[in-house]
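Taking it in order: structure first as structure tokens, then the write-up.
The values are calculated or read from the model by the stated rules, or taken from the named source; none is laboratory data. Not measured: the values here are computed from a predicted model. In this analysis, Cβ positions are derived from the backbone assuming ideal geometry, glycine residues included, and neighbour counts consider all displayed protein chains. Remember, those area values only see protein heavy atoms, side chains included, never the ligands or the DNA or RNA. Shrake-Rupley method; radii C 1.70, N 1.55, O 1.52, S 1.80 Å.
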Amino acid sequence: MTQTGLVLEGGGLRCMFTTGILDVFMEQGITFPAITAVSAGVLFGCNYKSRQIGRSLRYNLSLVGNKEYMSWRSLWRTGNYVNTDFSFRYLPFEYDPMDFDTFAANPMRFWGVCTDIESGQPVYHEFLDAPKECLQWMRASSSMPVFARPVEIDGHYYLDGGITDSIPLAFMQSQGYERCVIILTQPVDYRKHPAHVSWLIRRVLPQFPKVADLMAERHIMYNHQLDFISEQARLGNALLIYPDETLRIGRLELNARKMQTIYEQGRRKALEMLPQIREFVQ
């Protein structure tokens with residue numbers, strides 16, 4: 001029997017749209033045997049596996065203005081805009097605990113995409129049941145160049161998975177999940193343009209020259225993936241869920257009104273497409 005997977009694009013706080021959709025999925029009992037997520041898709045998607053409705057929105061709303069969470073001060077002091085100690089040590093264990101027991105017990109397979117910045121290749125790590133290891137890989141998947149230091153794991157250095165595989169449908173299909181629901185955080189007609197940040201990345205990460213090269217060509221990779229998922233949707237192998245218009249929030253913008261609005265947009269989109277989603281999944 002054909003298995004249906006779930007693919008979550010990244011996009012920083014644009015993933016509040018994703019969170020709204022996933023909360024509706026949980027409320028409606030819609031599950032998948034496997035997920036592959038990228039960057040903030042990992043950080044918010046983990047609450048789908050741990051079955052914690054509302055957690056992603058709740059803690060982000062409560063931390064608006066908290067400079068210990070995300071701030072230019074943290075970037076200046078630590079090299080990470082998203083403060084590592086607060087976000088990956090304090091928040092998931094004390095401030096708003098993640099249910100690691102449910103996460104581990106849930107049979108849903110969950111991969112996160114990282115970029116090995118020495119080889120320049122994507123790495124797909126499956127999250128299992130070790131909380132500290134999970135959080136280390138989640139941090140690696142969501143560490144944006146310039147805004148975060150590379151994450152060292154077992155002698156290798158990693159950054160954001162979106163650098164090399166922003167929409168990992170091909171990976172999911174290689175794992176046997178031939179049909180996938182894909183949640184995007186850009187409108188369906190979006191196309192990425194060159195970022196022109198290679199010069200800055202070469203200055204910030206001179207020891208990892210592949211990062212600048214990858215970022216210089218990221219728009220090419222991303223637009224090829226958009227063409228691929230569109231073709232797969234046409235063939236009936238993918239169901240695309242995406243916002244109707246550009247989500248008006250910056251990747252790192254903790255704005256309570258905007259986050260709530262985008263979360264509600266995600267919920268409305270999921271409810272609007274619910275019959276189509278159920279038919280595709282079943």
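Computed values, structure above
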{"read-out": "Per-pair calculated FRET efficiency, R0 = 35 Å: Val197 and Glu264 via Cβ, rounded to 0.05", "value": "0.65"}
{"read-out": "Solvent-accessible area per residue for the chain (1.4 angstrom probe, square angstrom)", "value": "45"}
{"read-out": "Extension gain from Thr102 to Arg248, taking 0.36 nm per residue of separation minus the Cα-Cα distance", "value": "49.2 nm"}
{"read-out": "Net lengthening on full extension, Ser230/Thr2 (0.36 nm per residue, minus Cα-Cα)", "value": "80.1 nm"}
{"read-out": "Accessible heavy-atom area order of Glu152, Glu94, highest first, probe of 1.4 Å", "value": "Glu94, Glu152"}
{"read-out": "Descending semi-axes in whole angstrom, ellipsoid equivalent of segment 196-282, from the Cα gyration tensor", "value": "33, 22, 9"}
{"read-out": "Label-point gap, in nm, between Glu118 and Ile220 - each point 7 angstrom along Cα→Cβ", "value": "2.6"}
{"read-out": "Karplus-derived 3J(HN,Hα), 6.51/-1.76/1.60, for each residue of segment 108-121, Hz, glycine and proline x", "value": "4, 6, 9, 10, x, 9, 10, 10, 6, 7, 8, 8, x, 10"}
{"read-out": "Residues listed by number, segment 1-23, amide nitrogen under 19 Å from Gln282 label point at 7 Å toward C-beta", "value": "1-6"}
{"read-out": "Volume per residue that the Cα convex hull of segment 1-137 spans, once the total is divided by residue count, Å³", "value": "123"}
{"read-out": "Per residue convex hull volume, Cα atoms of the chain, in Å³", "value": "121"}
{"read-out": "Rounded percent of accessible protein surface that carbon and sulfur make up, segment 1-110, 1.4 Å probe", "value": "52"}
{"read-out": "Calculated from backbone phi, Karplus (6.51, -1.76, 1.60) coupling profile of segment 26-37 in Hz, x at Gly/Pro", "value": "5, 5, 8, x, 8, 10, 9, x, 7, 10, 10, 10"}
{"read-out": "Segment 143-220, Cα convex hull volume normalised per residue, Å³", "value": "123"}
{"read-out": "Viscosity 1.567 mPa s, 4 °C: Kirkwood-radius Stokes-Einstein D of segment 74-200 over Cα pairs, µm²/s", "value": "79"}
